[in-house]
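Report on the structure given below.
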Amino acid sequence: MFPEKNLAWGRNKSCIRELAAYGTARKAQIGADKVFDFSIGNPSVPAPPCVNNCIKELLNTDSCILHGYTPAVGLPELRKAIADDLNKKSSVPISPDYIYVCCGAAAGLVISLRAMLFHDEEVIAFAPFFPEYQVFTEAAGGRLVSVKPNEALQPDMEEFEKAITERTKVVLINTPNNPSGVVLREDTLKKLSDILKQAEEKYNHSIYLLSDEPYRELVYDGEPVPCVFDYYHNTIMCYSFSKSLSLPGERIGYLALSSEIEAEERDALFASISGAARACGYVNAPSLMQRVIEKCIGNTSDISVYKENRELLYNGLKEQGFDCVYPDGAFYLFMKSPEKDAKAFAERAKKYELLLVPSDDFGVEGYVRIAYCVSADMIRRSMPAFKALAEEYGL
Ligand code: PLP
């Protein structure tokens, strides 16, 4: 019998994964084309041709090197390529020496939180946020403090100031945001930075800004996402190629430290990050993918497909009478639940084979997340189901 006291991890259930598993079972039961699965952020656009071309070329190289261990921090040529790419966006210089190549943004978040947090220290996250933040923070011994958003779903700065305490060690931002699609504006980043600098002075210790950016390139209205390094000195960026290059299963990303973190502190932090990765058993990021990224960095999948999906879905839902937040980026749309209980609404949607994620797991009530990284055809075919659902609520 597995000991009861060891069951904590087993109770750690993800609502998104459960819904995705339900979707898989339902598709097997009634046919894939009958289920409108908007549950998961799996890119629906193929990786750009440079990815497969590069893999084919690499297969002709020395197998023992290609599939061998790499340095734990990543291949030097890749770290340099990443720094060069970041230096096109950041006015603060980024050095290859402070880049850690890792298995996606998730691993970057896990190891940096482990490196920064000490028992019971606090991580502030702005709701709505990616549910894994709670899990990663708690597994690192910290405590997640959630700050409510304002009406536009941007961080509420007054609430933020109130949430900072002596125990605040990390502030976690995600732009463009999963689940709302909101992009943090420049004035928001400036204000956030001012508040953090004052708090560092007040409490006389560093507070780190951890910026989770797997959707950085997925913006649709011509405005690039402001580069976080330009606003605050104690910044760590977590990035992933999962979404921009449509490679989520390949597990490749990186974290990068600002050169404005005080030199001794930066060395200590980077050493702790490396140690945390070792403690997690993250030996190195996949060797083949490191070599692919070195060659393909700067490319993206065809993002225009998501832009078209955004219009199709947003306009379709508005026509049915639903109240939606127009997303600036990522590939998620946040829709108001017509009843207070978003879980009940999402359950009701299942009756029409619509799989929508209730917002409770993202730290806010009353919304559902609709992932539009699906085919345009599925969005079109789902509209009668949304119409029927809307009619149930008299919309
Ligand atoms: N952060 C956010 C906001 C995400 O949505 C995701 C994945 O969906 C991740 C991090 C993890 O990214 P990766 O799969 O690259 O580890």
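The values are calculated or read from the model by the stated rules, or taken from the named source; none is laboratory data. Please read all numbers here as calculations on a predicted model, not as lab measurements. Virtual Cβ from ideal backbone geometry, glycine too; neighbours counted across all protein chains shown. Calculation scope for accessible area: heavy atoms of the full protein, side chains included, ligands and nucleic acids excluded. Shrake-Rupley method; radii C 1.70, N 1.55, O 1.52, S 1.80 Å.
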From the options Ser240, Ser274, residue that is among the small types (Gly, Ala, Ser) and under 19 Å from the mean Cα position of the chain (by Cα): Ser240
Of all residues in region 91-104 being open to solvent by 10 Å² or more (accessible area, probe 1.4 Å) and among the small types (Gly, Ala, Ser), the one that is farthest from the ligand (Cβ to nearest atom): Ser91
Members of region 27-49 found to be over 16 Å from Leu356 (Cβ atoms) and either within 16 Å of the ligand (Cβ to nearest atom) or open to solvent by less than 40 Å² (accessible area, probe 1.4 Å) (or both), listed by number: Gly31, Pro43, Ser44, Val45, Ala47, Pro48
Subset of region 162-182 (residues that are in a strand (DSSP E or B), in contact with a Ser or Thr (Cβ under 9 Å, 6 or more places away or on another chain) and over 30 Å from Arg310 (Cβ atoms)): Lys169, Val170
Boolean, Ser63 is open to solvent by 20 Å² or more (accessible area, probe 1.4 Å) and of a type in the set (Ser, Thr, Tyr): yes
Set Lys56, Lys34: member being basic (Lys, Arg), over 22 Å from the mean Cα position of the chain (by Cα) and farther than 25 Å from Arg380 by Cα: Lys56
Single condition Ser301 does not satisfy, out of (1) among the small types (Gly, Ala, Ser); (2) open to solvent by less than 20 Å² (accessible area, probe 1.4 Å); (3) in a helix (DSSP H, G or I): (3)
Positions within region 134-146 being within 14 Å of the ligand (Cβ to nearest atom) and either touching a residue at least 60 places away in the same chain (Cβ under 8 Å) or open to solvent by 30 Å² or more (accessible area, probe 1.4 Å) (or both), in sequence order: Gln134, Val135, Phe136
All positions within region 367-382 that are over 21 Å from the mean Cα position of the chain (by Cα) and touching a residue at least 12 places away in the same chain (Cβ under 8 Å): Ser375, Ala376, Met378, Ile379, Arg380, Arg381, Ser382
Region 76-118, residues that are in contact (Cβ under 8 Å) with a residue 60 or more places away in the chain and assigned to a loop (DSSP other than H, G, I, E, B): Ser90, Ser91, Val92, Pro93, Ile94, Ser95, Cys103
Count of region 160-196 residues which are among the aliphatic types (A, V, I, L, M), within 12 Å of Ala125 (Cβ to Cβ) and within 16 Å of the ligand (Cβ to nearest atom): 4
Residue match in region 107-118 (condition: within 16 Å of the ligand (Cβ to nearest atom) and surrounded by fewer than 23 Cβ atoms within 10 Å (Cβ to Cβ)): yes
Answer residue from region 245-257, given it is assigned to a loop (DSSP other than H, G, I, E, B) and crowded, with 24+ Cβ neighbours inside 10 Å and is farthest from the ligand (Cβ to nearest atom) among those: Leu245
Positions within region 119-130 being at pLDDT 95 or above and either within 11 Å of the ligand (Cβ to nearest atom) or open to solvent by 10 Å² or more (accessible area, probe 1.4 Å) (or both), in sequence order: Glu121, Glu122, Ala125, Phe126, Pro128, Phe129, Phe130
Residues (open to solvent by less than 50 Å² (accessible area, probe 1.4 Å) and more than 16 Å from the ligand (Cβ to nearest atom)) located in region 204-232: Ser206, Ile207, Tyr208, Tyr220, Pro226, Cys227, Phe229, Tyr231, Tyr232
Residue match in region 61-75 (condition: part of a loop (DSSP other than H, G, I, E, B) and within 16 Å of the ligand (Cβ to nearest atom)): yes
The lone exception for Phe322 - which of (1) open to solvent by less than 40 Å² (accessible area, probe 1.4 Å); (2) within 22 Å of the chain's Cα centre (by Cα) it fails: (2)
Exclusive hit being over 20 Å from the mean Cα position of the chain (by Cα) and open to solvent by less than 10 Å² (accessible area, probe 1.4 Å), set Val292, Val283: Val292
Some residue of region 263-273 being assigned to a loop (DSSP other than H, G, I, E, B) and away from the ligand (no atom under 11 Å from the Cβ): no
Region 28-47 residues that are more than 14 Å from Ile303 (Cα to Cα), paired with ones that are among the β-branched types (Val, Ile, Thr) and open to solvent by less than 90 Å² (accessible area, probe 1.4 Å) (beta carbon under 7 Å, 6 or more apart): Phe38/Ile370; Phe38/Val374; Ser39/Ile16; Ser39/Val357; Ile40/Ile16
